[in-house]
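Asks: Below: one structure in structure tokens.
The values are calculated or read from the model by the stated rules, or taken from the named source; none is laboratory data. Predicted, not measured: the structure shown is a model, and the values here were computed from it. Here the Cβ positions follow ideal geometry from the backbone for every residue, glycine too, while neighbour counts run over all protein chains shown.
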Amino acid sequence: MKRINFCSLLLFSAFVTALSLTVFTATAPAADAPKGFAFDNPEDYIEHSHFHGGAGTIRYCEYWGPDDYVTNHEFFRIVELPPKSSIGEYRLADSDEVIVILSGHADVTVNGRTGRLVGGTLVPVKLGGSLGVYNPTDEIVKLAWIASDLVKGQYNPVDLGNDLTENKPEDMIPFRNVFLNYWIFEPTGNPSHNGLGSLVETLGIVDFDYFATSCHARFFIIPAGASVGYHTHFTNEEHFFVVSGSGRATVNDVTLELNQYDCKKVGIDDTHGFYNNTDEPLVIFFANLPMPGVKNWGRIENLGDNLADR
């Protein structure tokens, strides 16, 4: 296994510390975005009181819903939890779900047990389990949230009547989570889809066989000057959500700059890639879902374009 040099590790460590401090200005309204792109725009958020029986009023934007997918993805949302508000505890009756705490500190409850998580933490929750999130702090907590259905279009979560305001976090996080630990990486060593350089992956990956729906989720880094080469998916849909950094994303020959909390969605038969044209690491939350009956990555065609000139 290759190792990143010490200076790079220090840079990455400082970078993750800055996640909760970065102020983001939206680049374009989501309503104006071309197909396959979504932008974090405060004007697109809606308010929802007592969400899943939670405390207070949260704000969220649904980047994509069930009608936007061919696979069994149900939604991709970005959520803001004001101080002392929560997504109440609910049971995942039909779905597998992943949340990513993006900024702040949140008390996350999975299957009745609570842990306090910081920005840069991914939590997978299986079909039949329960989930809820409470913000015990005086700062806004921001998170990304994705769900995939066992049967397409069947999403019926069951509220459990707990707003989580009285739950106390345990000393050790009592459920599976993946933290953006920049001190331990697994460089892939090979170009991604004939792109430039190579990606860097965190060691914790939620692989296809973890969930009943076969959803795959992880963090990875596109280093400065590297790219995910241009390629076509015929059987899988996926998301590239920018946790931090920026870069040029291409979907079906449309190239746009994505910044923190922007996202691109790659549908069936879509062609895409991602180039980090900056001097800083581009950190991605990635989620991939094959069509029912398709195993793992399915069918892909590489097109031999590293996207550096787009």
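Asks: Could you list, in sequence order, all residues of the stretch 89-107 that are in a loop (DSSP other than H, G, I, E, B) and under 19 Å from residue 219 (Cα atoms)?
Replies: If the condition is that a residue be in a loop (DSSP other than H, G, I, E, B) and under 19 Å from residue 219 (Cα atoms), then 104 is the only one that fits.
Asks: List the strands (runs of 3 or more DSSP E) inside the stretch 1-88, counting only whole elements, that have at least 2 residues being hydrophobic (A, V, I, L, M, F, W, C) and either under 21 Å from the mean Cα position of the chain (by Cα) or modelled with pLDDT of 95 or more (or both).
Replies: 57-64, 73-81
Asks: OK, next. Could you tell me whether any residue of the stretch 206-213 is within 23 Å of residue 276 (Cα to Cα), in contact with a strand residue (DSSP E or B) (Cβ under 9 Å, 6 or more places away or on another chain) and either crowded, with 21+ Cβ neighbours inside 10 Å or assigned by TED's automatic domain parsing to the domain that holds residue 130 (or both)?
Replies: No; the residues of the stretch 206-213 include none that is within 23 Å of residue 276 (Cα to Cα), in contact with a strand residue (DSSP E or B) (Cβ under 9 Å, 6 or more places away or on another chain) and either crowded, with 21+ Cβ neighbours inside 10 Å or assigned by TED's automatic domain parsing to the domain that holds residue 130 (or both).
Asks: Six or more apart or on different chains, Cβ atoms under 9 Å: show the pairs whose first residue is in the stretch 234-253 and assigned by TED's automatic domain parsing to the domain that holds residue 143 and under 20 Å from residue 69 (Cα atoms) and whose second is surrounded by fewer than 22 Cβ atoms within 10 Å (Cβ to Cβ) and among the polar types (S, T, N, Q).
Replies: Final answer for the pair search is none.
Asks: Here's another thing I want to ask about it. Restricting to the stretch 250-289, and then to whatever is assigned to a strand (DSSP E or B) and hydroxyl-bearing (Ser, Thr, Tyr), can you tell me which residue is nearest to residue 210 (Cα to Cα)?
Replies: Only one residue fits best here, namely 271.
Asks: Further question on the same structure: Test residue 180 against the stated conditions and say whether it is over 23 Å from residue 295 (Cα atoms), surrounded by fewer than 19 Cβ atoms within 10 Å (Cβ to Cβ) and not basic (Lys, Arg).
Replies: Against the criterion (over 23 Å from residue 295 (Cα atoms), surrounded by fewer than 19 Cβ atoms within 10 Å (Cβ to Cβ) and not basic (Lys, Arg)), residue 180 does not qualify.
Rundown of residues vs (1) closer than 22 Å to residue 216 by Cα; (2) touching a Ser or Thr at 6+ places or on another chain (Cβ under 8 Å), yes/no style:
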position: 109; (1), (2): yes, yes
position: 137; (1), (2): no, no
position: 159; (1), (2): no, no
position: 164; (1), (2): no, yes
position: 172; (1), (2): no, no
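Asks: Here is a further query. What strands (runs of 3 or more DSSP E) completely inside the stretch 121-171 contain at least 1 residues that are charged (D, E, K, R)?
Replies: Counting at least 1 such residues, we get 141-149.
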